[in-house]
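Taking it in order: structure first as structure tokens, then the write-up.
Derivation of every value follows stated rules applied to the coordinates shown; laboratory data play no part. In this text the structure is predicted, and so the values were computed from the model without any measurement. Every residue, glycine as well, gets a Cβ built from its backbone with ideal geometry; the counts of neighbours run over all protein chains shown.
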Amino acid sequence: MDTAFIVVVVGLSSLAAALVARGRSRRRLRSAVGKTLETIGLAAVFLFLNVGVGFCLALLARVVGGRFVSLYHSDDVTILAVSILQALVWQWSREAEASAGP
């Protein structure tokens, strides 16, 4: 039920923003949607890398330390938030490089 509520709230606010932006420029809206999808893809890549590195470090700590280290440390929601931030910074740095030119 909580998930459905969040989806409805986000969907309605996105629809309202799209209706406001529709009168301005459809091309800018398409560009923004494209960049959003690209950032979501980058966030997924960073999430995969962060979880993978976390698992590898936990396994390495098990071998080197000789003690049990839980893999659940890589299963924290903070990793998702940090992965999204990494994707945003990556995206913004690419845009800054493109606008700076050669």
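The helix-based estimate of mean residue ellipticity at 222 nm for the chain, built from -39,500 (n - 2.57) per DSSP H run of four or more residues and divided by its residue count, is -30000 deg cm²/dmol to the nearest 500.
Computed extension length for Leu49-Val20: 6.7 nm, one decimal, from 0.36 nm per residue of separation with the Cα-Cα distance subtracted. Ordering Gln86, Ala17, Leu59 by the projection of their Cα atoms onto the charge dipole of the chain, which places +1 on the Cβ of Lys and Arg and -1 on the Cβ of Asp and Glu, puts Ala17 at the extreme positive end. Which label belongs to the value computed from this structure, given these candidates for Cα extents along the principal axes in Å: [x] 61, 19, 19; [y] 63, 51, 13; [z] 40, 29, 26? Read-out taken from this structure: [y]. About its Cα centre, segment 2-100 has a charge dipole of approximately 520 debye under the convention of +1 per Lys or Arg Cβ and -1 per Asp or Glu Cβ, with nothing else charged. Measure off 7 Å from each Cα along the Cα-to-Cβ vector at Asp2 and Thr36, then give the distance between these two points in nanometres to one decimal. Computed distance between label sites Asp2 and Thr36 equals 2.4 nm.
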